[in-house]
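To start, the structure under review is shown below, and the notes come after it.
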Amino acid sequence: MSIRAIKWAIGLGLVDMTPVQRMVLVVLCYHHNAKDDMCCPAMTTIGDEAGISDRAAREAIRGLEHIGLVKTSKRTNRQGQASNQYTLFGRVKNKSGRNLRSGTGRNHTTATTGRNPGSDERVYNTLGDFDLGNGFKIVGGRDA
């Protein structure tokens with residue numbers, strides 16, 4: 001288990017992925033080995049631990065690949081195909097397929113859902129006092 005991988009998955013925030021994809025990502029992070037950067041759980045293991053079918057697990061991994069969070073490499077052994085190797089720590093891609101860059105301004109959001117930002121992410125430009133007209137007055141503000 002890799003704490004770094006789990007922190008990375010939790011820290012993704014508002015990435016446009018389904019709950020099933022998020023759960024599969026957490027399962028992959030749980031199986032990530034930080035020493036050699038290997039992550040090779042079998043598809044049945046991923047499905048069982050995420051509480052979904054093998055097919056749903058495959059579809060979720062394809063979705064995570066499309067987003068850019070996971071890269072899959074096929075592995076083989078003497079008996080044929082072994083479990084795939086998954087590379088984590090990908091950069092989130094926007095809908096055009098390009099990597100998103102980390103922003104430094106307070107107006108930057110990495111959400112790809114198209115939703116409006118939450119109230120704590122909005123920018124307030126209240127300068128000075130503002131009279132609400134009902135006997136209440138807003139004094140100051142974020143940029144006061």
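The values are calculated or read from the model by the stated rules, or taken from the named source; none is laboratory data. Keep in mind that this is a model prediction, so the values were computed, not measured. Glycine also receives a Cβ, built like all others from the backbone with ideal geometry; neighbour counts cover every protein chain displayed.
Residue-wise test of (1) of a type outside the set (Ser, Thr, Tyr); (2) at pLDDT below 85.
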site: Met1; (1), (2): yes, yes
site: Val20; (1), (2): yes, no
site: Thr44; (1), (2): no, no
site: Leu64; (1), (2): yes, no
site: Gln81; (1), (2): yes, yes
site: Asn84; (1), (2): yes, yes
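Just to be sure I understand the filter: pairs with C-beta atoms under 6 Å, separated by 6 or more residues or on different chains, first member in region 1-27 and surrounded by fewer than 20 Cβ atoms within 10 Å (Cβ to Cβ), second member outside any helix (DSSP H, G or I) and hydroxyl-bearing (Ser, Thr, Tyr). Which pairs pass?
Asp16/Thr112; Asp16/Thr113
For residues in region 68-82 being touching a residue at least 40 places away in the same chain (Cβ under 8 Å) and touching a Ser or Thr at 6+ places or on another chain (Cβ under 8 Å), which is farthest from Ala5 (Cα to Cα)?
Narrowing region 68-82 to residues touching a residue at least 40 places away in the same chain (Cβ under 8 Å): 69-70, 82.
Still in the list and also touching a Ser or Thr at 6+ places or on another chain (Cβ under 8 Å): 70, 82.
Values: Val70: 12, Ala82: 23 Å.
It comes out as Ala82.
Among the candidates Phe130, Phe89, Phe136, which residue alone is within 23 Å of Val15 (Cα to Cα), of a type in the set (Phe, Trp, Tyr) and modelled with pLDDT of 55 or more?
Details: Phe130 fails: within 23 Å of Val15 (Cα to Cα); Phe136 fails: within 23 Å of Val15 (Cα to Cα).
Checking each option against the conditions leaves just Phe89.
Against the definition (out of contact with any His (no Cβ under 7 Å at 6 or more places or on another chain), in a strand (DSSP E or B) and closer than 16 Å to Thr87 by Cα), how does Arg4 come out, yes or no?
Values: out of contact with any His (no Cβ under 7 Å at 6 or more places or on another chain): yes; in a strand (DSSP E or B): no; closer than 16 Å to Thr87 by Cα: yes.
Here the answer is no, as Arg4 does not meet what is asked.
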